[in-house]
Ligand SMILES: Cc1cc2nc3c(=O)[nH]c(=O)nc-3n(C[C@H](O)[C@H](O)[C@H](O)COP(=O)(O)OP(=O)(O)OC[C@H]3O[C@@H](n4cnc5c(N)ncnc54)[C@H](O)[C@@H]3O)c2cc1C
């Protein structure tokens, strides 16, 4: 599985009339998940989220690529 | 005083009712001659409804307000007769650049989709838009404009709305069947009727400057996140007409607006941004805060709220005047049918429902933009900066950067006025029931034109045919019959082949098949179109009973 770096958000059964909408939906969910958390709690949430998503992806090659992309700009 | 624009002064005339002491009785009053109120008047006169417009002022919008008018608003302005004026005076821009700190992270080129009459947007100072609308309204016999006429009280009893109007010569009374409140964000009418508007103020201030550039400067939109010349905040630069540029500096909540506005504080900011060598002159400076809020419903008996009076959004995404024009686009034909007794008052509930659906979409989008531009927490800022960092190299990152989403019309897919597609009919594409119509080039009697300029103001049945001359007698009779119904439906044949349909049914040539493609049409496909150019229903075959049922549904007569 190659790492997909193109816009890729969608929701099953939902019709989008504007290309930006699904990405913006996700971003709002993401920021919303942090609402009312302390900085420390937010950090923990992020760590848990990464672990959950990484397990979902599963493929170590893809994860290695993702880690490289993420680290490049830090 | 502006250097590039002189404000028109509209003439005040003493209302005859002041001397006569008589009560003026009119079918429709519009309060407020901003872009939305003038739009409302122009829409109603297209339906032959006389309108009295009252405004407390005698000129157009002062200072820095609307800039960006999007495609759907331009199409509505075409219907009102000012689309050409706005588009030829306005400037188009396609290139947008996004900067993060000292770097340009990416740029985009919004090449307009071909084969549409109007571009995605044009930029034009709001005073020009209002000037053109006011001139157009003044030229229409059914519209009476009364400047320097201020509404000071309003009461609704039974079927009548009574207004007290103040002028420099004294007071008079107006009684009207319908009141359209287009009196802006602070809406005195809303307050006088004790109606609520809910939402929130964004805890942020923006310094908005209009400057005249002395030298050439590109027609582009530049957006900076956290630039070195204005650390921690955002800055937007936008081109307008007459070499005037709009600059928005985010100031933060704690800024002192009076201090921020002083030239000695503004000039260094702009110099730092442009680099010292570019010459410019200040045209106008103000400090704004923005609200995101709307009324619980837009119709209250015989009082109908439109534009900023009904809803307000932050300006990222330019949704204020754009959505206000869509309000009156939606309202005009409905009010006409109710006035004529051809539809029940309930049709006006659908005005409120549909425009609240659209207002909520606008509120969501402008809130998201504001939240991206002004992160509210440390983690939210970290995510924002991470997106900007990834945007430089990765397409998915660019898609998440949100410095304002261009205003686009709502797809009213949940509206109770729609007739849903019915099996076995299957359609591809975007033109679902509730969709705002896509444009397409067409030939009308050999002349190049646009589909959207051929429909609107009343219901249309668009009938797609492979060859207009081949329409059989039954089809011609069914189509012709529709135009005689209580709520008339104008038939219009669209065909790739030239020629006239029998029975004098108007025919458009879709020479390159673009209309057929955008509407996923085949021989015999029928679209029922609302007077505001939204799709009401569609079928693969023509069936008079189905069309009539769909018209009944779209007018609350079902
Ligand atoms: C900085 C800024 C940038 C913006 N950018 C954009 C943009 O790019 N695109 C966009 O679409 N929108 C933009 N907007 C929003 C846009 O300016 C408003 O949405 C628009 O002006 C609303 O029009 P309106 O007709 O509803 O109200 P208004 O323009 O506020 O008009 C209300 C009218 O009612 C009259 N009135 C009020 N009370 C009374 C009374 N008691 N009696 C008689 N008359 C009365 C007033 O004189 C006024 O003429 C921007 C706004 C700001 C502040």
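The values are calculated or read from the model by the stated rules, or taken from the named source; none is laboratory data. Given the structure is predicted, the values throughout are model-derived calculations rather than measurements. Don't worry about glycine lacking a Cβ; one is built from the backbone with ideal geometry, like all the others, and counts go over all protein chains shown.
Scanning region B:26-57 for residues that are near the ligand (Cβ under 9 Å from one of its atoms) and surrounded by fewer than 24 Cβ atoms within 10 Å (Cβ to Cβ), we see that the one that is nearest to the other protein chains (Cβ to nearest Cβ) is B:57.
Can you spot a residue in region B:131-147 that is under 16 Å from the mean Cα position of the chain (by Cα), within 15 Å of the ligand (Cβ to nearest atom) and part of a loop (DSSP other than H, G, I, E, B)? So far as region B:131-147 goes, no, none of its residues is under 16 Å from the mean Cα position of the chain (by Cα), within 15 Å of the ligand (Cβ to nearest atom) and part of a loop (DSSP other than H, G, I, E, B). Would region B:181-195 turn up any residue that is assigned by TED's automatic domain parsing to the domain that holds residue B:69 and either closer than 30 Å to residue B:515 by Cβ or assigned to a strand (DSSP E or B) (or both)? Among the residues of region B:181-195, at least one is assigned by TED's automatic domain parsing to the domain that holds residue B:69 and either closer than 30 Å to residue B:515 by Cβ or assigned to a strand (DSSP E or B) (or both), which makes the answer yes. For the residues B:266, B:306, B:338, B:364, the requirement of being surrounded by fewer than 22 Cβ atoms within 10 Å (Cβ to Cβ) and either within 14 Å of another protein chain (Cβ to nearest Cβ) or within 13 Å of the ligand (Cβ to nearest atom) (or both) singles out B:364.
For (1) farther than 24 Å from residue B:373 by Cβ; (2) surrounded by 10 or more Cβ atoms within 10 Å (Cβ to Cβ), each residue gets a yes or a no:
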position: A:6; (1), (2): yes, no
position: A:11; (1), (2): yes, yes
position: A:14; (1), (2): yes, no
position: A:20; (1), (2): no, yes
position: A:40; (1), (2): yes, no
position: A:47; (1), (2): yes, yes
position: A:54; (1), (2): yes, yes
position: A:63; (1), (2): yes, yes
position: A:72; (1), (2): yes, yes
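With respect to the conditions (1) modelled with pLDDT of 95 or more; (2) surrounded by 15 or more Cβ atoms within 10 Å (Cβ to Cβ), residue B:22 lacks only one, and its number is (2).
A single entry from B:359, B:386 fulfils the requirement of being under 15 Å from residue B:314 (Cα atoms) and either part of a helix (DSSP H, G or I) or at the interface with another protein chain (Cβ under 7 Å from one of its Cβ atoms) (or both): B:359.
Here's the yes/no breakdown for (1) over 14 Å from the mean Cα position of the chain (by Cα); (2) more than 12 Å from chain B (Cβ to nearest Cβ); (3) more than 26 Å from residue B:405 (Cα to Cα):
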residue: A:16; (1), (2), (3): yes, no, no
residue: A:34; (1), (2), (3): no, no, no
residue: A:39; (1), (2), (3): yes, no, yes
residue: A:59; (1), (2), (3): yes, yes, yes
residue: A:67; (1), (2), (3): no, yes, yes
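Counting only helices (runs of 4 or more DSSP H) that fall entirely inside region B:1-101 and contain at least 3 residues that are farther than 20 Å from residue B:120 by Cβ, the qualifying elements are B:16-20, B:35-46.
One residue is enough: does region B:68-89 have a residue meeting the conditions touching a strand residue (DSSP E or B) at 6+ places or on another chain (Cβ under 7 Å), within 14 Å of chain A (Cβ to nearest Cβ) and near the ligand (Cβ under 9 Å from one of its atoms)? Yes; the residues of region B:68-89 include at least one that is touching a strand residue (DSSP E or B) at 6+ places or on another chain (Cβ under 7 Å), within 14 Å of chain A (Cβ to nearest Cβ) and near the ligand (Cβ under 9 Å from one of its atoms). Note on region B:209-270: enclosed strands (runs of 3 or more DSSP E) holding 3 or more residues that are out of contact with any helix residue (DSSP H, G or I) (no Cβ under 8 Å at 6 or more places or on another chain) and under 25 Å from residue B:384 (Cα atoms) are B:220-225.
Only one entry in B:177, B:198, B:210, B:226 is surrounded by 15 or more Cβ atoms within 10 Å (Cβ to Cβ), closer than 30 Å to residue B:328 by Cβ and away from the ligand (no atom under 16 Å from the Cβ), namely B:177.
For residue B:399, which of the numbered conditions (1) free of Cβ contacts under 8 Å to residues at least 24 places away in the same chain; (2) surrounded by fewer than 18 Cβ atoms within 10 Å (Cβ to Cβ); (3) within 13 Å of chain A (Cβ to nearest Cβ) fails to hold? Residue B:399 satisfies all of (1) free of Cβ contacts under 8 Å to residues at least 24 places away in the same chain; (2) surrounded by fewer than 18 Cβ atoms within 10 Å (Cβ to Cβ); (3) within 13 Å of chain A (Cβ to nearest Cβ) except (2).
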